[in-house]
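Derivation of every value follows stated rules applied to the coordinates shown; laboratory data play no part. Please read all numbers here as calculations on a predicted model, not as lab measurements. Here the Cβ positions follow ideal geometry from the backbone for every residue, glycine too, while neighbour counts run over all protein chains shown.
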Amino acid sequence: MSKKKKKLFRRQELLDLQNVLKHRSGRNVMWRILDSLHLVNEPYTTDTNQEFMIKGRRMFGQDLMYELNEAVPGIWGQMQQEAAARMKLKEIEEREQEKRQRDKDGHSGLKEE
């Protein structure tokens, strides 16, 4: 493949990523992929084989993150903020669900004296 074709091909790859990342749903999917590749949270293991597998996945995740940042500089920070907001919303929803369950079961959550 000629240098010009490679450059055009690369430009199209970056345009494709830009198109995915301009939508919140696209960023959410990419975040879940990066999380599954242990880029967001690195698990601890004492198993050497498992550790090598995790490191390999992290390397792939780092390559993907490099691609995303090349396509849309600064996207990592935006994705982190959106993920933090989703986590906060999830925590609020879980607390509300627990409260509804306690109310349904007839428990106020307060100790009776």
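For the chain, what does -39500 (n - 2.57) per DSSP helix run (n ≥ 4), summed and divided by total residues, give at 222 nm, in deg cm²/dmol to the nearest 500?
-27000 deg cm²/dmol
In region 1-59, which chymotrypsin sites (Phe, Trp or Tyr not before Pro) fall in coil by DSSP and have 14 or fewer other Cβ atoms within 10 Å?
Values: sites: PHE9, TRP31, TYR44, PHE52; in loops: TYR44.
Of the chymotrypsin sites (Phe, Trp or Tyr not before Pro), the ones in loops of region 1-59 whose Cβ has at most 14 other Cβ atoms within 10 Å are TYR44.
How big is D for region 1-58, in µm² s⁻¹ as a whole number, if Stokes-Einstein is applied with the Kirkwood radius of its Cα pairs at 25 °C and 0.890 mPa s? It would help to have the intermediate numbers written out before the result.
Working: Rh = 13.8 Å.
D, rounded to a whole number, is 178 µm²/s.
Sorted from largest down, what three extents in whole angstroms do the Cα atoms of the chain have along their principal axes?
Per principal axis, max minus min of the Cα coordinates gives 81, 39, 19 Å.
Under a crude label model (7 Å from the Cα following the beta-carbon direction), how far is GLU91 from LEU64 in nanometres?
For the pair GLU91/LEU64, the computed spacing is 2.5 nm.
When only C-alpha pairs under 8 Å and at least 6 residues apart count, what is the relative contact order of the chain, in percent? Before the final figure, lay out the partial values.
Working: 43 pairs, mean separation 27.4, N = 113.
The normalised contact order for the chain reaches 24 percent.
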